[in-house]
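Report on the structure given below.
The values are calculated or read from the model by the stated rules, or taken from the named source; none is laboratory data. What you are looking at is a predicted structure, and each value in this text was computed from that prediction instead of being measured. As a convention, Cβ positions derive from the backbone with ideal geometry for all residues, glycine included, and neighbour counts pool all protein chains shown. For the accessible areas, the whole protein counts, side chains as well, though only heavy atoms, and no ligand, DNA or RNA atoms are used. Shrake-Rupley method; radii C 1.70, N 1.55, O 1.52, S 1.80 Å.
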Amino acid sequence: MPRPQSWAGDWGLLLLRLTFGLLMAAHGSQKLFGIFGGKGLTATGQAFAGLGFRPGKVFAVIGGLSEFLGGLGLALGLLTPLAAAALIGVMINAMVTVTAANGLWETEGGVEYSVCIAVAALAVAAIGPGRLSVDRFFPWGRGGWTSAAVALGLGGIASAITLSL
């Protein structure tokens, strides 16, 4: 039986992508522009330097842009596997450098929040962004194992490179 024109799953994916993507873009904006209660690039760069990322401001730009552009990409359903990879890479770095030593739960400063973000991004890449997306015109817009592997692989590689610097 063919799907109706406005299939509930596509609307559900749009709701997920918009909420998740725009919140991640706003989170990146806190780092980059100091809006939405963020401390801005200089203070974020100092925090990154305190974590061992040198020069801290450069890594703050990379992290902030990854969250900002990755979030916008997911919200629009634009280059979804790459957008997911950007968020996955940032979250792996956050887990390794900040939260892993604190266990699982966010209440103890653990990895819970970062795991949720990474898994949500990976799930959208695997499922695909749906018909209500820019990517609907492209092969990667259908999701699947390849899109998920690209998102996880590129996010992991980018994270490994960043952590090795």
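Listing for the model above:
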| item | result |
| --- | --- |
| Where the stretch 9-55 is the region considered: accessible area per residue in Å², 1.4 Å probe | 55 Å² |
| Whether the stretch 37-139 is rounded, prolate or oblate, judged on the alpha carbon gyration tensor where a/c under 1.5 counts as rounded | oblate |
| Paired Rg and Dmax values of the stretch 1-79, which use every Cα atom, in angstrom | 16.6, 57 |
| Summed residue charge, Cβ within 13 Å of G141's Cβ, Lys/Arg positive, Asp/Glu negative | +2 |
| Length released on extending from V119 to T97, taking residue separation times 0.36 nm less the Cα-Cα span | 6.1 nm |
| I92, I157, reordered so the largest accessible area comes first (probe 1.4 Å) | I157, I92 |
| Computed helical MRE - 222 nm, the chain, DSSP H runs ≥ 4 contributing -39500 (n - 2.57), nearest 500 | -22500 deg cm²/dmol |
| Carbon/sulfur fraction of accessible area - the stretch 1-133, other protein chains in place, 1.4 Å, % | 73 percent |
| Computed lengthening from I161 to K57, 0.36 nm per intervening residue step minus Cα-Cα distance | 35.7 nm |
| R0 of 22 Å, Cβ-Cβ distance W105-A43: FRET efficiency to nearest 0.05 | 0.25 |
